[in-house]
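What follows draws every value from the coordinates through simple rules; no lab data is involved. Given the structure is predicted, the values throughout are model-derived calculations rather than measurements. No Cβ is skipped: glycine too gets one built from the backbone with ideal geometry, and neighbour counts run over all protein chains shown.
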Amino acid sequence: MLSAILGAIGGILVARFIGPEVNGQFRLFTIPLMYLTFLHLGTFDGLYRQIPFFIGRDKQEHVEKIASAAGSWNLFITSVVASGFLICSLWALWHGNIVDVVGWFTQIFVCIGVFYGGYLGATYRTLNNFVVLAHIQLIQTVIGFCLVFPVAFWGFYGLCLRAAIPGVVGVWLFHKARPLRMPLRFDFTYFIEIIKIGIPLCFWGTLNTSIWTAVEYSLMLQLGGVRWVGFFAIAAIIRESISVLPQAVHQVIMPRVVEIYSREKSAHYATLRSFQVAGILSIFMLVIIIIVSFLLNYFVPVFIPKYVEGLPLMKVCLWFSLVQASSLPVSTLYASGNSWIYGRCILCGFITFLLATWLLIPFLGSILAIIVGSLIGRIARIIIAYYDIWKFTKNCFV
C-alpha cells in the first residue's frame, strides 16, 4: 500500500513539473516494448501456474528444471530486444537526434526489467516469497519517487532516468534474493513443457495487459496526438495506483487457488472464498472511487493545472479498480490450465472494447470514447468470466 501511495504521489509530482506534450513524447518510446512483451513465450505464465502446482505435489527438483529453462530463454530474449533498441539509439545518434538517442537507449534498461526481471518475479510464488517481493517493489518505488525531482530540472531526460534506474535496481535485488538458485541452462524438453502451458496463457495474458494498454495508447496517439497521450499517461498512473489493492489481493489468491486445485483436484472452496473476498473488496473500492472522484475536482486544478483538460479521463480510469476487484474469482479459470476457458472472456472483452470505442465516438468524442470503450470491454470480460466460472465449477469441481 505504501508503494502505491508513493507511486501515485510521484506520478502527480511528475505531472506538476512537466506538461502533457513532454509526457506524451516520452510515452511514445514505451509503446513498442508493450507489443514485444509476448516474446517471453509464456514462460512467466507457465511459471505462475506450474511452480505452485508442483510445489503442491512436493516436486521441487522439477520446479528448478522448468525455471532454469525459462530463465535461460528470457536472458536470450533480453539480449535480442536490447540489441534492437541499441540499434535504434545508434541510428538516432547518426542522424543527430539526441532526444531519440536517449529515449531508445532508456528502453534497453526497461526491457531488462521486463524480461529478466519478469522471469525472476515469476519465481516468487510462496507466501514467504511474496514478503520479499513486496520489499523489493517498495525499494523500487522509493527510488522512483526520489527520481521525480530530476524531472523538474531535466524534463524528458529526467523521465528517462526515472524509467531506467528503478527497474535495473529491482532486477539486481530480485536476482540477489531469488528463491531458486540453480544455474540457468536451456533444456529443450523442459522449455517445451513450460511453454505448452504458458504460450496459450501468455497470449491471453498479454492481450489482457500489455497489448490492451498498448492499443489504448496507440488509439490515443492516432485520434488525439502526442498531447493526449500525455493526458492519458497521468490518467493511467491514477488507474494503476487505485488498483494496487485489488492487484495485491489477486497476487495472493492466485497461487492459493492453483495449489488447492493441484492437491484436491477441486477449487470449489477456493472459488467460493474468492467470491466472498471480491464482494467485500468491490464495496470498499466503490466507496474509494466515489471519494477520489469528488476530490479530483479540486485537486487537479490546484496541483496539476496543466492536466485539467484530462480530468474526465482520470475519473473514468478510477472505475477500472472496481472491475479489478470483481475479477478475483477468475483465478479459478486460470487454475484449470485450460487456456481457452481462461482466454475466451478476454478475447470477447477486447473485441467489445474496440467495438464500443467505435460506436461511442459520435457521442463522446474520440478521446473519451477510447477509455470508456476500454472500461466497457473490461466489464464484458468479467460478465463472461462469471458465466464460465459457473459452468466450470458446476461441471468439473462439484
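In sequence order, what are the phi-derived ³J(HN,Hα) couplings for the stretch 215-222 according to the Karplus relation 6.51 cos²θ - 1.76 cosθ + 1.60 with θ = phi - 60°, rounded to whole Hz, with x for glycine and proline?
My calculation for the stretch 215-222 gives 5, 4, 5, 5, 5, 4, 5, 5 Hz in order.
Residue-wise, which Karplus ³J(HN,Hα) couplings in Hz belong to the stretch 49-65, taking 6.51 cos²θ - 1.76 cosθ + 1.60, θ = phi - 60°, and x for glycine or proline?
Here the 3J(HN,Hα) series is 8, 7, 4, x, 5, 7, 4, x, 9, 6, 10, 5, 5, 5, 4, 5, 5 Hz.
Which of Ser79, Ser243, Ser327 ends up with the largest GNM mean-square fluctuation for the chain, with Cα atoms connected below 10 Å?
Ser79
Counting other C-beta atoms within 10 Å, which of Met314, Met220 has the fewest, and how do the rest follow?
Met314, Met220
Normalised by the number of residues in the stretch 2-397, what is the relative contact order in percent for Cα pairs under 8 Å and 6+ residues apart?
The value is 23 percent.
Could you work out [θ]222 nm for the chain from helices alone, using -39500 (n - 2.57) per DSSP H run of at least four and dividing by all its residues? Round to the nearest 500 deg cm²/dmol.
When only DSSP H runs of four or more count, the value is -28500 deg cm²/dmol.
In sequence order, what are the phi-derived ³J(HN,Hα) couplings for the stretch 32-48 according to the Karplus relation 6.51 cos²θ - 1.76 cosθ + 1.60 with θ = phi - 60°, rounded to whole Hz, with x for glycine and proline?
x, 5, 4, 6, 8, 4, 4, 5, 5, 6, x, 5, 4, 5, x, 5, 3
Could you tell me the distance between the Cα centroids of the stretch 337-367 and the stretch 157-197, to the nearest Å?
One Cα centre to the other: 31 Å.
I need the peptides 85-92, 345-352, 103-110, 292-299 ranked by packing, meaning the mean over residues of other C-beta atoms within 10 angstrom, with the highest value on top.
Result, highest mean first: 103-110, 345-352, 85-92, 292-299.
Taking the Cβ of Ile351 as the centre, find all other residues whose Cβ is under 13 Å away and add up their charges (Lys, Arg: +1; Asp, Glu: -1).
Result for the local shell: +3.
Length gain on complete extension for the stretch Ala134 to Phe284, per 0.36 nm per residue less the alpha carbon to alpha carbon distance?
51.8 nm
If each residue of separation counts as 0.36 nm, what is the full-extension length gain between Lys391 and Phe303 once their alpha-carbon separation is subtracted?
Residue separation times 0.36 nm, minus the Cα-Cα distance, leaves 26.8 nm.
Most mobile of Val287, Val171, Val101 per a Gaussian network model of the chain (Cα springs, under 10 Å)?
Val287
Pull out a ≥ b ≥ c, the square roots of the eigenvalues of the alpha-carbon gyration tensor of the chain, then state rounded if a/c is under 1.5, prolate if not and a/b is larger than b/c, and oblate in the remaining case.
Oblate.
Please build a GNM for the chain, connecting alpha carbons under 10 Å apart, and tell me which residue among Leu318, Leu221, Leu201 fluctuates the most.
Maximum among the listed residues: Leu221.
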